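The values are calculated or read from the model by the stated rules, or taken from the named source; none is laboratory data. Everything numeric here is computed off the predicted structure, so don't read it as measured data. Cβ: placed from backbone, ideal geometry, glycine included. Neighbour counts: every protein chain shown. Quick note on the areas: whole protein, heavy atoms, side chains included, nothing else; ligands and nucleic acids left out. Shrake-Rupley method; radii C 1.70, N 1.55, O 1.52, S 1.80 Å.
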Amino acid sequence: MPEQLVFAMEVFLNGLMAGVLYALVALGFVLIYKASGIFNYAQGVMALFAALTLVGIMEGQVPFSHLINAIFGTEIHHFGWHVPALLAILLTMLVMIGLAWLVNHFVFRHLVNQEPIILFMATIGLAYFLEGVGDIMWGADIKKLDVGLPQGINEVIDEVTYGIFDYGFFIDNLDIVATVIAALLVVALIIFAQYTKQGRAMRAVADDHQAALSVGISLNYIWVMVWSLAGFVALVAGIVWGTKSGVQFSLSLIALKALPVLMLGGFTSIPGAIVGGLIIGVGEKLFEFAVGPMIGGATENWFAYVLALLFLVFRPQGLFGEKIIERV
């Protein structure tokens, strides 16, 4: 088999893995949009905040220690203990549920039936607020996150591909784990949205806030539930991305890579988030491999957005999104 074709196959597989990581972030956007019609600009920052909180809990760091030390002249930074990863994840999830309640109680319950642009602007403010709170609460230095997920080259795939192609494929174990996690998440979320009472109520709220209220659906309950689910998805994305590249404030920018994923898959489709992520991941890797050297490289920075722009022109609702027709 030609060497270039073998390289292209490895690039294709790595593109699939990268696409899964993008899709993990996009899932949080889809959940909140399906339930409230809100495009949650803060989803990337929620992943950052969840990862910061997880590392802080695991390391026994004192929240707001920099602020406390500055006010009282102390030098307190850690409690002196370390929390096991699983317990820390559960505690972080409780923090994200608390955050969901606070967001609903102080922000979105006052914005029921407002225009989408008002809700969108509220999420922009929430994003910068959370980023500032995360900085003050846990500090701005880069943190290492290790919850026990396997990392490094998968030796089985390396040996098998070397035996077949005389060239071993480099596939990261973390990417394989992320793929399995994403698949399980999608299945669970689809079952929840389609076959549970809460899932049907979530879709009703997305269609019409006032109509949902009139049939006895509690907006407060649904919105806290959905923001909690989005917080859980953000925690999963934060764990995977934080393990891969460290917990740092640039982690919040992964939300920007989720935008093309949503435009391709559709803002209301959970499977669409995965398919869109895979298309973006594979597309940008293969384009960089095949065309990048001819035009100076760095095509991964813009390829996804150009592809999303084409979809907006020819299929604005995305591959799996709902085409909305309004009477005027």
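What the table below lists for this structure:
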| read-out | value |
| --- | --- |
| Residue count, the stretch 193-213 (criterion: under 15 Å from Val30 (Cβ atoms), in contact (Cβ under 8 Å) with a residue 12 or more places away in the chain and open to solvent by 30 Å² or more (accessible area, probe 1.4 Å)) | 2 |
| Criterion (touching a Pro at 6+ places or on another chain (Cβ under 9 Å), open to solvent by less than 40 Å² (accessible area, probe 1.4 Å), touching a residue at least 40 places away in the same chain (Cβ under 8 Å) and in a helix (DSSP H, G or I)) met by exactly one of Leu174, Leu189, Leu262 | Leu174 |
| Pair list, Cβ < 9 Å and 6+ apart or interchain, from the stretch 18-29 residues that are in contact (Cβ under 8 Å) with a residue 12 or more places away in the chain to residues that are open to solvent by less than 10 Å² (accessible area, probe 1.4 Å) and outside any helix (DSSP H, G or I) | Gly28/Asn40; Phe29/Asn40 |
| First in the stretch 243-254 and within 17 Å of Tyr128 (Cα to Cα), second anywhere and open to solvent by 50 Å² or more (accessible area, probe 1.4 Å), Cβ under 6 Å, 6 or more apart | Gln248/Ile142 |
| Number of positions in the stretch 166-210 that are more than 26 Å from the chain's Cα centre (by Cα) and closer than 19 Å to Val282 by Cβ | 1 |
| Filter result for the condition that a residue is open to solvent by 50 Å² or more (accessible area, probe 1.4 Å), part of a helix (DSSP H, G or I) and not small (Gly, Ala, Ser), over Leu253, Leu307 | Leu253 |
| Residue pairs meeting the criteria (Cβ under 8 Å; at least 6 apart or on separate chains; first over 30 Å from Leu149 (Cα atoms), in the stretch 89-116; second not in a helix (DSSP H, G or I) and not acidic (Asp, Glu)) | Phe108/Ile38; Pro116/Gly37; Pro116/Ile38; Pro116/Phe39 |
| Cross-chain or 6+ apart pairs with Cβ under 8 Å, the stretch 229-241 first and touching a residue at least 60 places away in the same chain (Cβ under 8 Å), then outside any helix (DSSP H, G or I) and open to solvent by less than 20 Å² (accessible area, probe 1.4 Å) | Ala230/Asn40; Gly238/Val247; Ile239/Leu145 |
| Some residue of the stretch 89-107 being among the hydroxyl-bearing types (Ser, Thr, Tyr), surrounded by fewer than 13 Cβ atoms within 10 Å (Cβ to Cβ) and at negative phi | no |
| Residues that are open to solvent by less than 10 Å² (accessible area, probe 1.4 Å) and either under 19 Å from Ala206 (Cα atoms) or part of a loop (DSSP other than H, G, I, E, B) (or both), drawn from the stretch 37-69 | Ile38, Asn40, Ala42, Gln43, Gly60 |
| Exclusive hit being under 24 Å from Pro150 (Cβ atoms) and not in a helix (DSSP H, G or I), set Val20, Val83 | Val83 |
